Amino acid sequence: MKTNLRGLALTALLLSASNVSFAQQGASSVGDLPGYDEDAYFADESTYQQQVSEVAPASHANTYESSQAYEEDTAHYDAPSAYQSQPAYSAPAANDLQPVAFLDGHRLRNRRSHGGYQAACDGGCGGSCGQAGCGMGYSGGCDAGCSGSCGGDCGRRGALRRMGLGSMFGCESNTWAQTEALLWFTQDRDMPALIATAAPGEAPFGPDSTTVFGDDINGELSGGFRGDFGKYFTKNVGLGGRFWILAENQDSFYGEGDGSDRSIGRPYFNTNTGGMDALLVAADNFNGANFTGAIAAESSLELLGAEGYARINLGGSRTSKVELIGGYTHFSIDDTLRMSSASLNRNTGNLTNFNDSFEMENRFNGGQVGFEMSVTRGRWTARSLTKVHLGNMNQTANIAGSSQFGPVGSNPPVLSGGALALDNQGTYERDVFSFIPEANFKLGYRFRPNVSLSVGYSFLYFDNVALAGDVVDPIFDGTTNATGGPFGGRPFKFDDSSLWVQGIDLGVVINL
């Protein structure tokens, strides 16, 4: 009789502590398995308490409050007649069983103890609590957001404790690990028309031409990776780190020929005539000119981010919570443009080579502040993360160009200045204030006690970013073509621009 009452009291304590923690962690301890919702569970508990009250003598219903009183009581009841009269219940030996309560399929049972009371599960375990046979004694329980079983894998946890890793892993550590595959698109990047083609004998610039590289650099799909790792050190305070990187977003073009199938040229604004013109790469009898050549161009964008942050639980209900996020952020954005062309004038036998390189580096260092909200219904969890990064954006531009002019077979000298990198050559740097809003929405499904799959959407907007397309200036003095320059051009000037990325996240969340 006393054993059952003590078991019920311990079970009520476990459920109460678990539900309080779940209110902060946004998880639910019941209702996530078919046929075991809250009404069914507490109905079973009420029925069980009624059965116990019918079995227990009224005079001893609330008498014994300690194990000492229990031992004294068993001395007077060696063979309680009330127990023997109930066929559904047989009395345990005095010291054979300890009142260890645990949840197994949301039903209360008693099992043989191997070291005292099992650990109370007082936070977001989302599964079984203090399973039998652990032999771990009282361990304090898990106190925040495990989202898995508490004392579930007893052998594994015991082994970790023997190796001295029990505080790092296991339910009490409240450690999370999240890995995601990123399928993100970047914004199309503005750029002048840099390579154009036309029909044989036609001008590779103007309305009758087709731009094959430049204008808009398409922000195509880029794959990437994001990892988020951290640990709750108290019920309401945790520290974490996040790192993400995108694969190079690239657009390129390569063409060669003698102009018999198409004309290829590099459009530019001719400062001598005041109109559009082109450096011919491949042409067949275009205004009497004949060129054979090749051209290659590549634009690439690389992004990565690294963060260290703290999260503070601001409160919530049993199935929801709101956390304040704050910490440090580093972003790296590199935009590069490279072009190279070689053309042979078949009329004169002279060879012309141009090489241009624009490397724009952006390094952001600053703070972040925002909120993360989560709502849990059974095995499903919806999360929203909104924050803003504020700090300094260091911008660096490296611009270089070279050219060669001379007869075929000769070794002409390499001159400074290309077709695009002219008077703007050099290294330039500045610091500007930048803000970067970020939003992430995620839906997760917990298919194992501590493992969830998630799908989400992410959006980041980068303010004050230096991009190659903003500093490329196709202005050229056409009278100096094939003479070694000077070609003209305008001095370098930073131009404020912006960039956004967005896409789908596919992830796995593990809570240890």
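Just report the Cα centroid separation between the range 179-247 and the range 370-404, whole Å.
What the calculation gives is 14 Å, centre to centre.
Convert each backbone phi in the range 452-459 into a coupling constant with the Karplus relation 6.51 cos²θ - 1.76 cosθ + 1.60 (shift: θ = phi - 60°), then list the ³J(HN,Hα) values in order as whole Hz, x for Gly and Pro.
Working through the residues one at a time gives 10, 9, 9, 9, x, 10, 10, 9 Hz.
Of PHE358, ALA421, SER410, which is farthest towards the positive pole of the range 358-429's charge dipole, taken about the Cα centre with +1 and -1 on the beta-carbons of Lys, Arg and Asp, Glu respectively?
Farthest along the dipole direction, towards plus: PHE358.
Determine the gain in length on full extension of the stretch PHE185-THR396; use 0.36 nm per residue of separation and subtract their C-alpha separation, reporting nm with one decimal.
Gain on stretching PHE185 to THR396: 73.5 nm.
About its Cα centre, how strong a charge dipole does the range 285-351 have in debye, to the nearest 20, once Lys and Arg get +1 and Asp and Glu get -1 at the Cβ?
160 debye
Can you work out ³J(HN,Hα) from phi for every residue in the range 261-273, in order, using Karplus 6.51 cos²θ - 1.76 cosθ + 1.60 and θ = phi - 60°, giving whole Hz and x for Gly and Pro?
Running phi through 6.51 cos²θ - 1.76 cosθ + 1.60 with θ = phi - 60° gives 9, 6, 8, 10, x, 10, x, 7, 8, 7, 5, 7, 9 Hz.
Run the dipole for the range 367-461 about the Cα centre, Lys and Arg Cβ at +1, Asp and Glu Cβ at -1, nothing else charged, and hand back the magnitude in debye, nearest 20.
Working: 8 positive and 5 negative charges, 201 e Å.
It works out to roughly 960 debye.
If the cut-off is a Cα-Cα distance under 17 Å, which lysines reach LYS387, setting aside same-chain residues fewer than 8 apart in sequence?
In chain and number order, the partners are LYS321, LYS442.
May I ask which residue of GLY308, ILE264, ALA283 lies farthest towards the positive end of the charge dipole of the range 259-317, with charges of +1 (Lys, Arg) and -1 (Asp, Glu) on Cβ and the Cα centre as origin?
Farthest along the dipole direction, towards plus: GLY308.
Report the calculated FRET efficiency for ARG363 and ALA294 (r = Cβ-Cβ distance, R0 = 25 Å), to the nearest 0.05.
0.10
Using only alpha carbon positions, build the gyration tensor of the range 355-512, then give the equivalent ellipsoid semi-axes as the square roots of 5 times its eigenvalues, largest first, whole angstrom.
Working: eigenvalues 509, 68, 26 Å².
Equivalent-ellipsoid dimensions as semi-axes: 50, 18, 11 Å.
Return the sequence-ordered ³J(HN,Hα) values of the range 202-211 in whole Hz as given by the Karplus equation 6.51 cos²θ - 1.76 cosθ + 1.60 applied to θ = phi - 60°, using x for Gly and Pro.
9, 6, x, 6, x, x, 8, 9, 10, 6
Values quoted throughout were computed directly from the atomic coordinates according to the rules given, and no laboratory measurement underlies them. These numbers come from a predicted model, not from an experiment. With ideal geometry, Cβ positions are generated from the backbone for all residues, glycine too; neighbour counts draw on all protein chains shown.
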